[in-house]
Amino acid sequence: MTYAAMYARWQKNPEAFWMEAAETIAWDRAPTKALSDKDDGLYEWFADGMTNTCYNAVDRHVEAGRGAQVAIIYDSPVTHTKREITYGELRNRVATLAGALRAKGVEKGDRVIIYMPMIPEALEAMLACARIGAVHSVVFGGFAANELAVRIDDAKPKAILAASAGIEPGRTVHYKPLLDAAVELATHKPDFCVIFQREQQVAQLVDGRDVSWNDFQQGVQPVACVPVEGNHPAYILYTSGTTGQPKGVIRHTGGHLVALNWTMRHIYNVKPGDVFWAASDVGWVVGHSYICYGPLIHGNTTVVFEGKPVGTPDAGTFWRVISDHKVKAFFTAPTALRAVKREDPEGDLAKTYDISGLQAVYLAGERADPDTIEWAQKHLNVPVIDHWWQTETGWAIAANPFGVEELPIKPGSPAVPMPGYQVDILDDAGHPVAAGTLGAIAIKLPLPPGTLPNLWNATARFKDSYLNTFPGYYETGDAGIKDEDGYLYIMARTDDVINVAGHRLSTGAMEEVLAGHADVAECAVIGVSDALRGQIPVGFLCLNAGCNRDHSDIVAEVVERVRDKIGPVAAFKTACVVDRLPKTRSGKILRGTMVSIADGATWNMPATIDDPTSLDQITSALKGLGYAK
Ligand code: COA
Ligand code: AMP
């Protein structure tokens, strides 16, 4: 089948398309229909089916005679460890962990927060929740206690599963003090916490609240999978929005299973048994969809990699893992390849490993620059496929459907919309624009299975963030163009979200932290182009009248404050003091113009600017920081 034929088949009869895809999933009760329209822009998929995610990801493969196949390969250059877990072992481990959760009172619908580094136990924790219908919310380890506390208060978990520590090159991340501080800060208190003690750092347990991973499971009975409704939340994953309050993206069980399984074959072109590796983190959506669920639902072997693209120990690590474990499909972020390319520009390290089993490389998380794609294609000798998606969608909106037809690769474009997505480029009034014209990227409702049905406890925010701007559409928050061949180009965000090293961050959240400093009267944070990380945040501070403290002290304090309140992942290292911020006459800060100046792009004096001279000071401050060249 061609891509065009597949897309047309979906367009002609979406209900039949997705009902057929649903046949690849094991249901306790098959759904009678795919889509339910809940009115008012809300939709659900496979709502009347009954199934279980863990059963589909683990047990069914064991029952089909594949218990001896490796499910998870753990490869950790930072701890010099390699370990394999078969599907049979995984079933037993997850059934016992789920039994222990049940024994402590966790039931279907209860929330469980998971705060763990890249170790197999993180996946086991996710699957154990799914087994009993508990709703997990994984929090990325690079976030600070305050961010964890915000998520605890929103999700109100009955339990938190955490590790004692994570290992970053050159330092140990002490998860336990972060967890303790977060529980202290949060209004909601979990009933109990389970701590996976790592030998690199054994944490002190809090009496009466904490239990160690092993003690927790002593003598408990393994439990079977609990069937849940197709519209039962499989998980909540928080992602950055325009404010400091993150958005709790909900994923429903039925659509998640159907969509991810579909992508494994049609986009990633792997067969059950093949080794699939996404070098991301379980704290991000890529980790949910393609380290944990997608590969396991499809019966692949997934790789849990605890390391970095460079420095663990060198820029050949990726190629070593691909060679050692015979990886067939590899998924990473453009930043990671840029980091490798910077250290090994001629790709010499790739030549020292046998990576002939590799079929394709997939990139997402941020814009993939053509240079990086061309460099990777040249040195790895396989197609390098950019695809575009979001935490909200959970799987690719646009991709090159490699398992169906390899379309020509146009570097700079994540190719074409996948079935389920009618992608339109709209002008401000919501009218589709001509090919080649820049506009807001919107997706015609309903979104396909596997995408967010709503935000956790925030329906009004859901509608406001995604549905209200363009009636009948989901607003992606990205701007871009579609060319004559229907290829999409994703150019920029239309909101205050920036993308730092493939990590989605809110400049609004950083501004809230800066504004909390006693000497700061007003501030702005913008995302400036960066050769390695894609973008990095830069802060501008206006100080309170009469403040005559040393500016460098204040800058150091706000840098520390962002690290402390949001976390090291924000990579907020640069700020400067200015007398005033450039604003429109109605008081809106001209962040877009500031970004253009910083990036050395051409820009026009905004007609609505209040005081044109305010931009002079911004320009010289940016020059002082090494930008605006
Ligand atoms: N737990 C705790 N801290 C973490 C962390 C984690 N899981 N991940 C990152 N951090 C910390 C880092 O240690 C660093 O701290 P530092 O300021 O003390 O050095 C900070 O967050 C910023 O991290 P990062 O931006 O990742 O910088 P880096 O120098 O550690 O690594 C790259 C640079 C390019 C190698 C790295 O950013 C990378 O691999 N990027 C790709 C990311 C990716 O795959 N994203 C996928 C999303 S789909
Ligand atoms: P996240 O929710 O963290 O996955 O971030 C989603 C955002 O990252 C998107 O809205 C885009 O802004 C950006 N993004 C993800 N993939 C791509 C891509 N392939 N090309 C350009 N931008 C991307």
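The values are calculated or read from the model by the stated rules, or taken from the named source; none is laboratory data. Computed from a prediction, not measured in an experiment: that's the story for all the values here. As a convention, Cβ positions derive from the backbone with ideal geometry for all residues, glycine included, and neighbour counts pool all protein chains shown. Calculation scope for accessible area: heavy atoms of the full protein, side chains included, ligands and nucleic acids excluded. Shrake-Rupley method; radii C 1.70, N 1.55, O 1.52, S 1.80 Å.
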In this structure, is Val423 in contact (Cβ under 8 Å) with a residue 60 or more places away in the chain and open to solvent by 20 Å² or more (accessible area, probe 1.4 Å)? no
Of the residues in the stretch 310-345 that are open to solvent by 10 Å² or more (accessible area, probe 1.4 Å) and within 16 Å of ligand 2 (Cβ to nearest atom), the one that is nearest to the chain's Cα centre (by Cα) is Ala333
Within the stretch 271-289, residues being of a type outside the set (Gly, Ala, Ser), assigned to a helix (DSSP H, G or I) and either within 9 Å of ligand 1 (Cβ to nearest atom) or open to solvent by 20 Å² or more (accessible area, probe 1.4 Å) (or both) number 2
If you take the residues of the stretch 290-309 that are assigned to a loop (DSSP other than H, G, I, E, B) and in contact with a helix residue (DSSP H, G or I) (Cβ under 9 Å, 6 or more places away or on another chain), which of them is most open to solvent (accessible area, probe 1.4 Å)? Lys308
Can you say whether Val220 is open to solvent by 30 Å² or more (accessible area, probe 1.4 Å) and farther than 30 Å from Ala509 by Cβ, as far as the supplied structure shows? yes
Can you pull out every residue in the stretch 563-606 that is polar (S, T, N, Q) and either touching a Gly at 6+ places or on another chain (Cβ under 6 Å) or within 16 Å of ligand 1 (Cβ to nearest atom) (or both)? Thr574
Determine whether Asp530 is within 16 Å of ligand 1 (Cβ to nearest atom) and without any contact (Cβ under 8 Å) to a residue 60 or more places away in the chain. yes
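Run down Gly88, Gly65 and say which single residue is assigned to a helix (DSSP H, G or I), open to solvent by less than 20 Å² (accessible area, probe 1.4 Å) and more than 21 Å from Arg251 (Cβ to Cβ).
Values: Gly65 fails: open to solvent by less than 20 Å² (accessible area, probe 1.4 Å).
Only one candidate passes the filter, namely Gly88.
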Which residue pairs have Cβ atoms closer than 7 Å, lie 6 or more positions apart in sequence or on different chains, and pair a first residue in the stretch 307-323 that is closer than 17 Å to Lys341 by Cβ and within 13 Å of ligand 1 (Cβ to nearest atom) with a second residue that is among the hydrophobic types (A, V, I, L, M, F, W, C) and open to solvent by 10 Å² or more (accessible area, probe 1.4 Å)? Pro309/Ala336; Pro309/Ala339; Val310/Ala339; Thr312/Val78; Asp314/Leu349; Ala315/Leu349; Phe318/Ala279
Starting from the stretch 446-475, take each residue that is on the phi > 0 side of the Ramachandran plot and list its partners that are of a type in the set (Ser, Thr, Tyr) and open to solvent by less than 40 Å² (accessible area, probe 1.4 Å), counting only C-beta distances under 8 angstrom and pairs at least six apart or across chains. Gly450/Thr393
May I ask you to list the residues in the stretch 514-528 that are crowded, with 24+ Cβ neighbours inside 10 Å and β-branched (Val, Ile, Thr)? Val525, Ile526
Tell me which residues, restricted to the stretch 490-506, are more than 16 Å from ligand 1 (Cβ to nearest atom) and buried (at least 20 other Cβ atoms within 10 Å of the Cβ). Asp496
Here are Lys351, Lys410: which of them is more than 27 Å from Ile167 (Cβ to Cβ), more than 16 Å from ligand 2 (Cβ to nearest atom), open to solvent by 30 Å² or more (accessible area, probe 1.4 Å) and over 21 Å from the mean Cα position of the chain (by Cα)? Lys351
Conditions first: (1) closer than 24 Å to Asn269 by Cα; (2) within 11 Å of ligand 1 (Cβ to nearest atom). Arg338 passes all but one, so which condition is the exception? (1)
Test each condition in (1) within 16 Å of ligand 2 (Cβ to nearest atom); (2) more than 30 Å from Asp464 (Cα to Cα); (3) surrounded by fewer than 24 Cβ atoms within 10 Å (Cβ to Cβ); (4) not polar (S, T, N, Q) for Tyr268 and report the one that comes out false. (3)
